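Here the structure is laid out as structure tokens; the discussion comes afterwards.
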Amino acid sequence: MAALQLRRVIVFSENIERLAEFYEEKLGLTPKAKEDDWIDYDAGGVRLALHRGKAGAGDGPGATKLCFHAPDIQRAADELVARGVKLGKVRGTPPGLVLCDFKDPDGNVLQLSSRA
């Protein structure tokens with residue numbers, strides 16, 4: 001497997017409208033995709049996404065999530081498992097989007113994503 005490429009950082013917030021105002025008005029970022037619970041910005045070499053959700057630790061989403069792109073999520077997941085990485089379930093939601101969450105040794109949430 002080639003080295004994974006960091007493509008997106010997701011920031012979780014219960015008030016993404018407030019964060020969107022900051023990133024757009026103060027930092028000058030322009031949304032590339034916008035949904036009710038999701039705003040995606042091109043922030044140079046990496047995408048920055050705002051995702052509605054409760055920030056926190058444990059089994060739920062953390063304050064941030066590092067997303068690594070892989071065109072074939074199942075293949076990448078199988079290779080990571082072979083390397084000893086414990087992964088969550090590979091899932092497709094919504095249709096056409098394939099995701100798989102996992103954690104680093106400190107508990108930070110990481111994700112394999114087919115999202116471009």
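The values are calculated or read from the model by the stated rules, or taken from the named source; none is laboratory data. None of the values given here were measured: they were computed from a predicted structure. Here the Cβ positions follow ideal geometry from the backbone for every residue, glycine too, while neighbour counts run over all protein chains shown.
Note on the range 1-56: residues that are under 15 Å from the mean Cα position of the chain (by Cα) and of a type in the set (Phe, Trp, Tyr) total 3. Residues that are of a type in the set (Ser, Thr, Tyr) and either modelled with pLDDT under 90 or over 22 Å from ASP42 (Cα atoms) (or both) within the range 80-116 comprise just one, THR93. Restricting the range 14-42 to residues that are among the small types (Gly, Ala, Ser) and more than 28 Å from ALA76 (Cβ to Cβ), the residue that is surrounded by the most Cβ atoms within 10 Å (Cβ to Cβ) is ALA20. ALA77 passes every criterion in (1) exposed (fewer than 14 other Cβ atoms within 10 Å of the Cβ); (2) more than 12 Å from the chain's Cα centre (by Cα) apart from (1).
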